[in-house]
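Written below as structure tokens is the structure these notes are about.
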Amino acid sequence: MRACGLDFGTSNTALALVEGGRVRALEVDPGHEPAQNIPTLLFFSEDRRQFYGTRAVEEYLERAMAGRFIQAIKRHLPSKAFTTTFINGQALDLSDLIAGFLESLKLQADREAGEPVTRVLMGRPAVFHVDPERDRLAQDRLERAARMAGFEEVRFRFEPIAAARSFESDLDRGLLCLVGDLGGGTSDFTVMRLGPQRRAAGDRADDVLGSAGVDVAGNDLDATLVKLKVLPRLGFGARYSPLGRPVPVPTRLHMAMTSWHALSFAATEGNLEELRGWIRSADDAAGLERLLEILDWNLGFELFRAVERCKVELSRQGEGVLSFRAGRIAIEEPVTRREFDAAVQPLVGRLERCLDGLLARLDLRHDDIGAVFLTGGTSLVPCVRDIFERRFPGRLLAKDVFTSVGHGLGIEAAEIWT
Ligand SMILES: Nc1ncnc2c1ncn2[C@@H]1O[C@H](COP(=O)(O)OP(=O)(O)OP(=O)(O)O)[C@@H](O)[C@H]1O
Ligand SMILES: [Mg+2]
């Protein structure tokens, strides 16, 4: 019986196969850079087929966006409001939706291993949700999905602890380390003793001083860009007159444009009908028409890609352009780093409070931390890196921001099951 580590991420997923005592990251998506990450994207076509990752995007675009495209599904896991959704006439719950995705990865692992891979160590954020009941719900749903996918033994590890393990081989002496995992949906911090002599120590629970997490990450930075540059063009703040007197249009559908997990479920006939109703008496009918066009023509994913491209440009250079053209919509908005940094400051503040709260709880000063390892795509954002540069100057180390959690889960799976 073989084992693997599985990092089911909000944006990207990775799988590390245990081979003897060693760990190998599978190339789960040949069309993606890096191939060891598959974008956590699901597409259900109208002819009842399912596609994942880069293939999901290709098929979705090729089929003129007919069908159901789902992104950031991990973010729904702690939601009590999400019960089932209908796809091609079938009622599916979250575990059903995720199980197909995990099964496709398991089948690939089985093929590579030459035998069934029945044991999985899954990552989970330090905090799925602050409410313990909803946190439990999230993990239970994920566990059920893994079992439906064919895994017989399913265990969980905190994602930042897994990341810490993958960094350990870089150290030539024991140190107290801070690991920050800044991903798409959540950000986690862990303080852990790491070092060469500790690697052989067996159960490492005693080496973990503490963890903390917060549901602020890359998707929220994207949402900020949408609020700043896109919503004003989509009739946000418009007024309509349902009973002859002008009142603001409800913000529900605009908010769905800022959260990719909600967007996948927003374009219902009921919502579109309601929006058409607002347009009839609205002062910014043209803006609301553009919102209707995005929802009705399923342009949300293209918009999402444009926003993310702009964010990545901004993290590489001092400015970016949010450029999105589709149908009657033409958005071409330059954004400077300064403007972006100012807009995301409240989110950066929440990350800082989470980190400082953890250090205070553990009674640690900044100088007690010997090295800081950052992982996750959002650690590439300059104003996020600054959080750590300011507190731990000269002690920042980073590598493999997209694969270290999966690799660390593989290392721990090897320890558990060999
Ligand atoms: N160069 C970059 N600059 C800024 N952000 C980036 C860059 N590259 C990727 N990102 C962002 O990183 C996030 C994805 O990171 P990652 O793959 O680590 O998340 P994840 O593991 O899927 O999510 P989580 O761990 O929260 O479940 C996305 O929000 C993406 O936009
Ligand atoms: Mg992650």
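The values are calculated or read from the model by the stated rules, or taken from the named source; none is laboratory data. Given the structure is predicted, the values throughout are model-derived calculations rather than measurements. Quick reminder, even Gly has a Cβ in these numbers, built from the backbone with ideal geometry, and neighbours come from all protein chains shown. Accessible surface is based on the protein model in full, side chains and every heavy atom, while ligands, DNA and RNA are left aside. Shrake-Rupley method; radii C 1.70, N 1.55, O 1.52, S 1.80 Å.
For this structure, a couple of remarks:
- What the Cα convex hull of region 127-259 gives, in volume per residue, is 179 Å³.
- Rounded to the nearest 0.05, the FRET efficiency derived from the C-beta distance between ARG199 and GLU293 at R0 = 45 Å is 0.20.
- Electrostatic dipole magnitude of region 98-177 [Cβ: Lys, Arg +1; Asp, Glu -1; Cα centre; debye, to 20]: 140 debye
- When only Cα pairs below 8 angstrom with a gap of at least 6 residues are kept, region 274-412 shows a relative contact order of 14 percent.
- Environment charge of ARG328, counting only residues whose C-beta is closer than 9 Å and scoring Lys/Arg +1, Asp/Glu -1: -1
- Neighbour-limited loop hits for trypsin sites (Lys or Arg not before Pro), region 369-418 (at most 14 other Cβ within 10 Å; DSSP other than H, G, I, E, B): LYS399
- Stretch gain in nm, segment PHE86-ARG337, where the contour uses 0.36 nm per residue and the Cα spacing is subtracted: 86.2 nm
- Here is the list for region 1-90: GluC sites (Glu not before Pro) lying in DSSP coil, each with at most 11 other C-beta atoms within 10 angstrom of its C-beta, are GLU46.
- Cα gyration tensor shape for region 277-371, rounded if a/c is under 1.5, else prolate or oblate: prolate
- Computed magnitude of the charge dipole of the chain (debye, nearest 20; Cβ of K, R +1, Cβ of D, E -1): 500 debye
- Whether region 69-115 is rounded, prolate or oblate, judged on the alpha carbon gyration tensor where a/c under 1.5 counts as rounded: prolate
- Three-way shape call for region 237-305 based on the alpha-carbon gyration tensor, with the a/c threshold at 1.5: prolate
- FRET efficiency, GLU58 to ASP367 (Cβ-Cβ, R0 41 Å, nearest 0.05): 0.25
- The apolar share of the surface of region 319-418, taken as the fraction of accessible area on carbon and sulfur atoms (1.4 Å probe, ligands and nucleic acids excluded), comes to 51 percent.
- Centroid-to-centroid, using Cα positions, region 24-61 and region 281-357 are 24 Å apart.
- Computed E for LYS227/ILE416 - FRET, C-beta separation, R0 51 angstrom, nearest 0.05: 0.70
- Calculated accessible area for the chain comes out at 43 Å² per residue, all protein chains present (probe 1.4 Å; ligands, DNA, RNA ignored).
- Around the Cα centre of region 277-391, unit charges on the Cβ atoms of Lys, Arg, Asp and Glu (plus for the first two, minus for the last two) sum to a dipole of about 200 debye.
- In nm, spacing of pseudo-spin labels at ARG252 and ASP47 (7 Å Cα→C-beta vector): 3.6 nm
- Translational diffusion of the chain, µm² s⁻¹ [Kirkwood Rh, Cα pairs; Stokes-Einstein; 37 °C; 0.692 mPa s]: 146 µm²/s
- Distance between region 145-219 and region 363-418 - C-alpha centres, whole angstrom: 9 Å
- Separation of the ASP283 and ARG245 label points, Cα + 7 Å toward Cβ, nm: 1.6 nm
- Contact order normalised by residue count of the chain, Cα under 8 Å, 6+ apart, percent: 20 percent
- Rolled with a 1.4 Å probe across the full set of protein chains, the surface gives ARG290 an accessible area near 60 Å².
- Those residues of region 324-363 whose amide nitrogen sits under 16 Å from the label point placed on ASP386, 7 Å along Cα→Cβ: 336-353
- Fully extending the segment from ARG316 to ASP356 would add 11.7 nm, taking 0.36 nm per residue of separation and subtracting the current Cα-Cα distance.
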